[in-house]
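Everything on this sheet refers to the single structure shown next.
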Ligand code: SOE
């Protein structure tokens, strides 16, 4: 069978997802074939250009028409967060499998409605997945496997940070990521969501409470004249930044362990620096996106005098996803997570199981984001997070 994909949106994430859809069938032996059927954008020439550049068969301007088409099987949503819920719910109700970019939504209410729609759709064999793509960076999947195998023993503490610096320049214009009505939140939802998800994924533990502060360092920015997303030209006039630039928070995990988080777009010199370190009684594991083909392991059970962080290269064919690529030692990059994501979704569709992260996983992250925002806004310290429904 052939699964025909419609991608809604064509910004930075559209480019990354296109690489995923194009490469997954070329690299992995997928149980079904994939057709990049149509890319959707409001601006017809821009959508047509994206289709031609990235290899989509056609382009369209109305997502509703595309979602209703009989010849579409998968709807891939790479739009800003304010349209995720409407598109995802419509697609699931039309019987389409859905891949939705992170964070799942802009509010907990939207995420709940999406998770409920995914639950109803699952009963009809329709799958839904959230694009927390870093889960599928081989080293991150390996971290999860090693923690589950007990390599660090009991998880006692987690440190996670996601640092970027693209807003340090006060002339950077007011793009949608800086507007609450479009993005939901700022650094918190855009990149803090990744480290919340990664912490829960890698440790297998849920965040049960958080306490945080948020800050907006540059409060007014030039209006956007052209472009969108992470790049754009400033025009005349100024507008108010309505989201956070920096989010700092602590968290309590379901086994009682503590976690600390930093999500910032003001880490001068840090372009896309995601780090996580998991400390346990038997050892520690660390990952750094700037060195993404490796994990660091400290074996606390090694003989005294022989202990130290060891760099494990995650480039062996036995490592997650790696065997399908190049011979041992030949490295992978940022885009490979998108290929692995497309592969796992196709396999989940054919197997009839929801690939992780599910919309329920996305909802849990959304609850954590809302709890950080509530703690910061009301200066109220620890805010409890409802556990996932069983
Ligand atoms: C911008 O901060 C961004 O593109 C995020 O939205 C992505 O999720 C992350 O992968 C890279 O940075």
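None of the figures in this text is laboratory data; all of them are computed from the coordinates on show. This structure is a prediction, so every number in the text was calculated from the model and none was measured. So basically every Cβ, Gly included, is an ideal-geometry build from the backbone, and we count neighbours across all protein chains shown.
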message: Relative contact order for the chain: what percent, with Cα pairs under 8 Å and sequence separation of 6 or more?
response: 20
- prompt: Among 324, 209, 286, whose mean-square fluctuation peaks in a Gaussian network model of the chain (Cα, cutoff 10 Å)?
  reply: 324
message: Suppose a student asked you for the relative contact order of segment 2-133, using Cα pairs under 8 Å spaced at least 6 residues apart; what percent would you report?
response: 22
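With both partners inside the chain, how many of the DSSP beta bridges are antiparallel, as a percent to the nearest 5? Display every interim value, and only then the final one.
Working: 45 of 75 bridges.
Looking only at bridges with both residues in the chain, the antiparallel portion is about 60 percent.
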message: Going by Cα centres, segment 257-319 and segment 100-157 are how many Å apart?
response: 21
message: Given points 7 Å out from each Cα along the Cα-Cβ axis, report the residue 44 to residue 389 separation in nanometres with one decimal.
response: 4.3
message: Below 8 Å, C-alpha to C-alpha, sequence gap of six or more: please give me the relative contact order for segment 236-387 in percent.
response: 9
